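Shown next, in structure tokens, is the structure this report addresses.
The values are calculated or read from the model by the stated rules, or taken from the named source; none is laboratory data. Here the structure is a predicted model, which is why all the values come from computation and not from measurement. Every residue, glycine among them, receives a Cβ derived from its backbone with ideal geometry; neighbour counts consider all protein chains shown. What goes into the accessible areas is simple: the full protein's heavy atoms, side chains included, and nothing from ligands, DNA or RNA. Shrake-Rupley method; radii C 1.70, N 1.55, O 1.52, S 1.80 Å.
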Amino acid sequence: MGITPAEALQIVLEHAPLLGAEVVAVSDARGRVLAEGVRSTRRLPPCDNSAMDGFAVRSADLASACAEHPVALEVVCEIPAGGSAERLLRAGEAARILTGAPIPPGSDAVVMQEDTARDGDRVIVSFSPEPRAHIRDAGEDVEPGDQVLDPGARVGPAEIGMLASLGRSVVSVRQRPRVAILSGGDELVEPDGDTSGGRIVASNSHAIAAQCLEVGAEPIYLGIARDAPDDIERRLIAGRHADVIVSSAGVSVGDRDYVRGVLEKLGCSLLFWGVKMKPGYPLAFGRFDTGNGALVFGLPGNPVSAMVTFEQFVRPALRQMAGRRSLFRPTVRARLADALRKPAGRLHFVRVDLERDGDAIIARSTGNQSSGVSRSMLLARGLLIFPAEASELRAGDSATVQVLDEDFLAAPTPAFS
């Protein structure tokens, strides 16, 4: 029974809506997605300005300048950055100018300071500059009316710098998904709780909250629900105002798995239960028919299963809701260090460490692949895709790996030498 991971993902993404817009300070917009296009109302730079510290000159005055016959110009004024350039340069004159300062009328070139010599009120130039040398033209970056940023663009440092340059202090972006997180079970306690008598820490909710933060969503902790329908119902009602509800455990068919029944009672339509994958088969997905139509993910209770199913289904849904264009983790092709075996029939996500061997990438199992062994995720830099129909991957075979550790993709050496 169950559907394939590809079928499950298609259903999830078909029901994950693009969220509305909100206005935020530009300084708080990093990582968000623009909900508006941005047109310039300014010219950047606003006027011709100097790209260097040096001297603004008339290139015609220096047409004959060379090392054997340098030309002396009278320095008649100094123009600082942010100053004004009202003095017209006449033949034989120069202006001391700093980077970013406006070019004075009559000047058509800047000579760098290090290419000159001073002699009192004169500057000595021993070469002939090209017209427009070291001048940044007005509007060479942006002209009024230019479409600078498109809706759907992700806001990074360059976008924030441009918005600030255009005088924007606020900008419209897609809302961050709000994710209500519920743990369930009488055996669960908070991290500082009493673990005697077989009780265990509800670690899933903390890992899921961290996964939400990593993807840019806002986690809302609903606490630990006891194995009682009324407690589960009370907490789910509190979380129904979120965009997404993620429940860890309680959606299977056990005698005390009440979440599924409570969800249906509250108006949640279950769209699938059971996905042909390992870890993570008992995954459920649905959507409320009323209110804001919150999505509901019932993740398996084992910690590895919960994290892996979040990666494969919740994470891309949250990125889509936030307006992101690319939904999935980067992948690489890696060579297996050791053979892997499994029964054919289910797609397996194998936790692997990754290392570089020259231009090749080597994938090595993190060891015990039990869905209850959290250390296998702690050591994993990637998830190797072991196809459903395959029963063996030999040492040396190539396989696709989802990269979880972004530092692995960071270059160990600079791109230049």
Exercise. Among (1) 0.95; (2) 1.20; (3) 0.97, which is the computed Rg/Rh (Cα atoms, Kirkwood Rh)?
Worked result: (2)
Exercise. So for 195, 41, 116, what's the accessible-area order with a 1.4 Å probe, most first?
Worked result: 41, 195, 116
Seminar exercise, completed: With R₀ set to 41 angstrom, the calculated FRET efficiency between the beta-carbons of residue 213 and residue 344, to the nearest 0.05, is 0.65
For this session: Express the accessible area of the chain per residue in Å², computed with a 1.4 Å probe while the remaining protein chains stay in the model.
Result: 48 Å²
Problem set entry | Cross-link partners of residue 265 among lysines (Cα-Cα below 30 Å; sequence separation of 8 or more within a chain) | 276, 278
For this session: Please find, in a Gaussian network model of the chain (springs between Cα atoms separated by less than 10 Å), the residue of 288, 313, 127 whose mean-square fluctuation is greatest.
Result: 127
Problem set entry | Most fluctuating residue given options 49, 204, 302, as computed from a GNM of the chain linking Cα atoms under 10 Å | 49
Exercise. Can you put 221, 281 in order of accessible area, largest first, using a 1.4 Å probe?
Worked result: 221, 281
Seminar exercise, completed: With only helices counted (DSSP H, runs n ≥ 4, each -39500 (n - 2.57)), the per-residue ellipticity at 222 nm for the chain, to the nearest 500, works out to -4500 deg cm²/dmol
Exercise. Share of the chain's accessible area from carbon and sulfur, percent, 1.4 Å?
Worked result: 50 percent
Exercise. Contour minus end-to-end for residue 237 and residue 113, with contour as 0.36 nm per residue of separation and end-to-end as the Cα-Cα distance?
Worked result: 37.6 nm
Exercise. What FRET efficiency, computed as 1/(1 + (r/R0)^6) with R0 = 22 Å and r the Cβ-Cβ distance, is obtained for residue 190 and residue 368, rounded to the nearest 0.05?
Worked result: 0.25
Problem set entry | In Hz, Karplus ³J(HN,Hα) per residue of segment 404-409 (6.51, -1.76, 1.60; θ = phi - 60°; x = Gly, Pro) | 8, 9, 5, 5, 5, 7
Seminar exercise, completed: Across 123, 170, 259, the residue with the highest GNM fluctuation in the chain (Cα network, 10 Å cutoff) is 123
Exercise. Using alpha-carbon positions, what is the distance between the centroids of segment 17-96 and segment 357-417, in Å?
Worked result: 49 Å
Seminar exercise, completed: Counting only DSSP loop positions in segment 342-417, the chymotrypsin sites (Phe, Trp or Tyr not before Pro) whose Cβ has at most 16 other Cβ atoms within 10 Å are 416
Exercise. Quick one: ranking 265, 342, 278 by accessible area, 1.4 Å probe, largest first, what do you get?
Worked result: 265, 278, 342
